[in-house]
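The next block holds one structure in the form of structure tokens; read it before the comments.
The values are calculated or read from the model by the stated rules, or taken from the named source; none is laboratory data. Predicted, not measured: the structure shown is a model, and the values here were computed from it. Reconstructed Cβ throughout: ideal geometry from the backbone, glycine too, with neighbour counts over all protein chains shown.
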Amino acid sequence: MPGSPIIAAGSSRRIGRPTLIRLATYYLIAGGGLYGLGRVVAVLPPGMASSQGPFPSWADAALQMLSALVLVLPMAFVYVRTRTSAKYDQSLVQTVIVLPITVAAVLIVVQNSLALAFSLAGVVAAIRFRNNLRESRDAVYIFGSLGIGFATGVHQPEIAIALSLLFCAVELALWKFDIGADHEATFCKLCGHASLPHEHVAVALPAEPEATAETVASRDFRIRVFVTDPVPGRRAVEPALEELVKRWEFVASGEGGGRRYLDYQVHLKKRGSVDELGGALRTRGAGQVEGLDAQPVAAEPAVTA
């Protein structure tokens, strides 16, 4: 489909108080627990705290890997909370949880050994990973989990805590305000609701050819939908077009004669008509649609070899 449907007008993404309370409680408990473990290690004798004494090295490694696991779980929770069933990827969730544990263990093993680092690079280079993410933005979860694994692997849990907390806060904010989903909506949110991008100036429809028997029978139309406001108007109109026409494409938005409008090129369904489309848009327009003008578009002549 040339255009992508926008969230219906009136719908609002809500994070929910229980989600925020759970995350805040989790971070308080996790932060307190990790801080307490860090204080216990700090008061150990120097030989034990540096893993050179009775305090075994495997215990130190287990502590860092546990820290990585504790701090990456909120990121996995945020991913599940902000994805629909169509965009949810189970393998990504499992990867995000397990990856920082593995990275922390690898860094603890390598430490300051250059030979071990080169050996690890050779082993990783021999492995081929072939997996396409459903969404490009899912890659940030991979990088976030890697960052937590690196921070805990080099004994910097404070950095890991800051990364986990800031990552979750930013992701929830981007999802809540739907930043970047639609250019016009994002522009109005960042620059003011009354402002419109420079390309959304008054755009006059080109002169259409006179209606003929061929164009009347055609199901291709250029429609101009008059709306009270372009941003919520698109949110109301485009989901309706997704159901009412076979295909559609957004052309431009503008203002002229004291009225705001949205221009689309649509291809009606076999049993559809412009009158039915106009009535349906007014009914389902959530008070945004004021009227509709339509001009038939002549089909392109077939080219014969």
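Here is the figure for the stretch 81-116: residues that are loosely packed, with under 11 Cβ neighbours inside 10 Å and more than 21 Å from Ala61 (Cα to Cα) total 5.
For the stretch 229-244, the tally of residues that are under 16 Å from Gln265 (Cα atoms) and surrounded by fewer than 19 Cβ atoms within 10 Å (Cβ to Cβ) stands at 4.
Each row is one residue, and each column tells you yes or no for (1) surrounded by 13 or more Cβ atoms within 10 Å (Cβ to Cβ); (2) at pLDDT below 90.
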| site | (1), (2) |
| --- | --- |
| Leu165 | yes, no |
| Ser195 | no, yes |
| Leu205 | yes, yes |
| Ala211 | no, yes |
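Scanning the stretch 231-269 for residues that are at pLDDT below 85 and among the hydroxyl-bearing types (Ser, Thr, Tyr) gives a single hit, Ser253. Is it the case that some residue within the stretch 135-147 is within 19 Å of Gln94 (Cβ to Cβ), in a loop (DSSP other than H, G, I, E, B) and not aliphatic (A, V, I, L, M)? Yes, there is a match, as at least one residue in the stretch 135-147 is within 19 Å of Gln94 (Cβ to Cβ), in a loop (DSSP other than H, G, I, E, B) and not aliphatic (A, V, I, L, M). Filtered by the rule that a residue be surrounded by fewer than 22 Cβ atoms within 10 Å (Cβ to Cβ), touching a Leu at 6+ places or on another chain (Cβ under 9 Å) and either more than 21 Å from Ala62 (Cα to Cα) or outside the structural domain of Tyr79 (by TED's automatic domain parsing) (or both), the stretch 138-163 gives Asp138, Ala139, Ile142. Is one or more of the residues making up the stretch 121-134 under 28 Å from the mean Cα position of the chain (by Cα) and either surrounded by 11 or more Cβ atoms within 10 Å (Cβ to Cβ) or modelled with pLDDT of 85 or more (or both)? Yes: one or more hits. Within the stretch 91-111, residues that are polar (S, T, N, Q) reach partners that are modelled with pLDDT under 85 with beta carbons closer than 8 Å, at six or more positions or on different chains, in the pairs Ser91/Asn131.
Residue selection: Ala117 satisfies the criterion of being modelled with pLDDT under 85 and in contact with a helix residue (DSSP H, G or I) (Cβ under 9 Å, 6 or more places away or on another chain). Among what's in the stretch 265-289 and is in a loop (DSSP other than H, G, I, E, B) and in contact (Cβ under 8 Å) with a residue 12 or more places away in the chain, pick the residue that is nearest to Glu249 (Cα to Cα). By that ranking, first place goes to Lys269. Which of the residues belonging to the stretch 233-252 are in contact with a helix residue (DSSP H, G or I) (Cβ under 9 Å, 6 or more places away or on another chain) and part of a helix (DSSP H, G or I)? Listed by number, the residues that qualify are Arg234, Arg235, Ala236, Val237, Pro239, Ala240, Leu241, Glu243, Leu244. Does Cys188 count as at pLDDT 65 or above, under 22 Å from Arg259 (Cβ atoms) and not assigned by TED's automatic domain parsing to the domain that holds Leu292? Criteria met by Cys188. Residues considered: Ala61, Ala49, Ala76. Of these, the only one that is surrounded by 15 or more Cβ atoms within 10 Å (Cβ to Cβ) and at pLDDT 90 or above is Ala76.
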